[in-house]
Amino acid sequence: MRNVGNVVVEALAIIERGIKPGITTAELDKLAEEFIIKQGDKPSFKGYYGFPASICTFVNEEVVHGIPNNRILLEGDIISIDCGPEILTLR
């Protein structure tokens, strides 16, 4: 659990640094996926019951399990991120 938690914390920190007006939720998804894979792990959401992304994004009024797409974030948007890696390497 600690290993998963550490990867999630680091992935969310990378995503947080990427959040700015003009970025898309798909670009944030790519940041997370690249980081998780670079750790030798796997995004557990991707492919789960056909889910197409590595994270879930919820912008403003959206509720749970939002699929990252070409939605551009605007100044003042509120975004929530859900991330869940599958740890494939022992640490």
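The values are calculated or read from the model by the stated rules, or taken from the named source; none is laboratory data. Since this is a predicted model, take the numbers as computed values, not measurements. Heads up, the Cβs are rebuilt from the backbone with ideal geometry, glycines too, and the neighbour counts pull from every protein chain shown. Note: areas computed on protein heavy atoms with side chains; ligands, DNA, RNA excluded. Shrake-Rupley method; radii C 1.70, N 1.55, O 1.52, S 1.80 Å.
Tabulated results
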| quantity | calculated |
| --- | --- |
| Residue list for the range 31-52, filter: in a loop (DSSP other than H, G, I, E, B) and in contact with a strand residue (DSSP E or B) (Cβ under 8 Å, 6 or more places away or on another chain) | 39, 41, 44, 45 |
| Residue check, residue 74 in contact with a Gly (Cβ under 9 Å, 6 or more places away or on another chain), in a loop (DSSP other than H, G, I, E, B), modelled with pLDDT of 95 or more and aliphatic (A, V, I, L, M) | yes |
| Flag if residue 4 is open to solvent by 20 Å² or more (accessible area, probe 1.4 Å), at pLDDT below 95, of a type in the set (Val, Ile, Thr) and farther than 24 Å from residue 88 by Cβ | no |
| Selection from the range 21-54 of residues that are within 10 Å of the chain's Cα centre (by Cα), open to solvent by 40 Å² or more (accessible area, probe 1.4 Å) and among the aliphatic types (A, V, I, L, M) | 31 |
| Within the range 55-84, considering residues that are open to solvent by less than 30 Å² (accessible area, probe 1.4 Å) and of a type in the set (Gly, Ala, Ser), the one farthest from residue 10 (Cα to Cα) | 66 |
